[in-house]
Amino acid sequence: RWLNYNEELTGLINSGHSKNGRVYRCIGDNHDVHGFEVFSPAVLCGIGNLPGTIQDRSIAIRLERAKKDELAKRFDSRKTATEEELCRKIARWIQDNRSKIEQAEDPELPDGAVNRLADNWRPLFTLAELAGGEWKQRACDSFEKLSETEKAASEGTGIRLLNDIRTISKEE
């Protein structure tokens, strides 16, 4: 919730969306202006929507509370050995493939990935192509599912209702 009320932090996160992102701050008694590089992919979570400018620069993953019968095992934050091992493996893969990642050409993106949406998904499709195997298809499936969810969330209830009525009318 604090992010909605902090314009400086929102601006910092927005600037960090692109590789050339910079913010300028006055430093010292003479108030000299200095530019700071701020590129940094970030993971944010919370209840409700992010500020619009951050939402536009995000891949939103909407979480839902699991039903009792959906839980195979409860998560225990004191027992994270599996997650820590996965984190180490990902870091090692990134380290081993750093030069390939830096030299990667633009990946092939799904048809619906344009403008800012393409900017948001391009790094994930780049990693999927480099990883090979089923990762490209998994990225495509994720894009389809999450883009559909994002579109529905941005339309609002009234527009979704009208679209649903149109769909039902066409089926009859």
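The values are calculated or read from the model by the stated rules, or taken from the named source; none is laboratory data. Here the structure is a predicted model, which means the values were calculated and not measured. For neighbour counting, all protein chains shown are included, and Cβ atoms are generated from backbone atoms with ideal geometry for every residue, glycine included. Accessible surface areas use protein heavy atoms only, side chains included; no ligands, DNA or RNA. Shrake-Rupley method; radii C 1.70, N 1.55, O 1.52, S 1.80 Å.
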Cα Rg, Dmax (largest Cα-Cα span) when computed across the range 31-172, Å: 19.5, 69
222 nm mean residue ellipticity, helices alone, for the chain (DSSP H n ≥ 4; -39,500 (n - 2.57); rounded to 500): -16000 deg cm²/dmol
Rounded if a/c is under 1.5, else prolate if a/b is larger than b/c, else oblate: which is the range 64-126, with a ≥ b ≥ c the root eigenvalues of its Cα gyration tensor? oblate
Surrounding net charge for Gln103, when Lys and Arg each add one and Asp and Glu each subtract one, Cβ distance under 15 Å: -1
Would you mind working out the magnitude of the charge dipole of the range 1-157 relative to its Cα centre, with +1 at each Lys and Arg C-beta and -1 at each Asp and Glu C-beta, to the nearest 20 Debye? 660
Carbon and sulfur together cover what percent of the accessible area of the chain at a 1.4 Å probe radius? 52
Residue-normalised value, i.e. accessible area per residue, for the range 26-172 at 1.4 Å probe, in Å², stands at 85
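Find the relative contact order for the range 2-135 and round it to a whole percent, using C-alpha pairs within less than 8 Å whose residues are 6+ positions apart.
The value is 17 percent.
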For Lys19, give me every one of the lysines with a C-alpha distance below 23 angstrom, ignoring sequence neighbours fewer than eight places off in its own chain. Lys100
Out of the range 14-109, which GluC sites (Glu not before Pro) are coil in DSSP terms and have no more than 14 other C-beta atoms within 10 Å? Glu64, Glu105, Glu108
Using a cut-off of 28 Å between alpha-carbon atoms, which lysines can reach Lys73, once sequence neighbours fewer than 8 places away in the same chain are excluded? Lys89, Lys145
Counting as exposed only trypsin sites (Lys or Arg not before Pro) in DSSP loop states with no more than 12 other Cβ atoms inside 10 Å, the longest exposed-site-free span of the chain is 80-172
